């Protein structure tokens, strides 16, 4: 029975370039007078060496398969220092490895494009990824994710976007945005805001934002988004409702003089997810470590970098509203609009 089990592997080895050549060198015909059993021993030694090499490679592959590695899309660092984020994650990863005896590569991989991110997931080179919901929509047909973590920010997992204008400014309705200046807050949690504004305009019969408004500015700092509208230098701005609340707390006059012209539904903008086929024995320890980020100084530093209070597991259905917006926005291009 043992021989039968090893024959398929042996036949595969004999098909490898160079192996058959090596065996030919010890054929009895090459050495007149050599006995068959010596030839068999030589063949056996060669095959043992090759099998040992294959087994070593397999063990190395298995080690990598279960070594925990984190990845992030570069879009998650639109408003934070990438080196600071990498350092914070590295410290936390090292702590998890030490406390729970988990084989971890604590240095996160930052992906500059979707092609590299997708390839790494398919090749099992990264095990969890921090991505926007727009990127999740692009990946979910080729990669299965489970579980999904979402960030809690100001007590909630979702964001509402607002279109702000000055009560004494020129913009009183959406139609008034025609040719007006606009500033959009740029960070991971506002990634869906431009899509929402495009849909808002087209639903009322207007072109998409870039074809309707005048100058469009993009700023990562809240003050540079809101204050120009307050002082009349920009006609309108788009940001999260929470961002507006933060600015209004610092300067109550903003709440009195700026007007919310439109507001979006609640949407989840970012996720942190495991690829579903990553199932090491210590996976539950990793999940607990992510849930408990807020309980350690290193974890709190990671959350601070990503402007979050904690990470919680949510069902994929929590992304439905955002995914519906993304799907509808894609239809604009098919109808002749170019977002």
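Taken together, the values in this text are just the output of simple stated rules run on the coordinates, not laboratory data. As the structure is a computational prediction, the values presented were derived from the model and not from experiment. Virtual Cβ from ideal backbone geometry, glycine too; neighbours counted across all protein chains shown.
Tabulated results
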| read-out | value |
| --- | --- |
| For segment 115-202: rounded, prolate or oblate by the Cα gyration tensor [a/c cutoff 1.5] | prolate |
| Full-extension gain in nm, residue 279 to residue 324, via 0.36 nm per residue minus C-alpha separation | 13.2 nm |
| Proxy reagent accessibility, fewest Cβ within 10 Å first, across 296, 317 | 317, 296 |
| Relative contact order %, segment 161-265, counting alpha carbon pairs below 8 Å whose residues are six or more apart | 47 |
| Cα→Cβ-extended label distance, 7 Å offset, between residue 220 and residue 313, nm | 3.3 |
| Length-normalised contact order for segment 87-158 - Cα pairs under 8 Å, 6+ apart - percent | 19 |
| Taking segment 68-114 and dividing mean pair separation by its residue count, relative contact order in percent (alpha carbons under 8 Å, at least six apart) | 60 |
| Residues 267, 114 arranged by fewest to most Cβ contacts within 10 Å | 114, 267 |
| Estimated inter-spin distance, residue 124 and residue 300, nm [label 7 Å along Cα→Cβ] | 3.8 |
| Segment residue 99-residue 203, extension gain: residue separation times 0.36 nm, minus the distance between their alpha carbons | 32.1 nm |
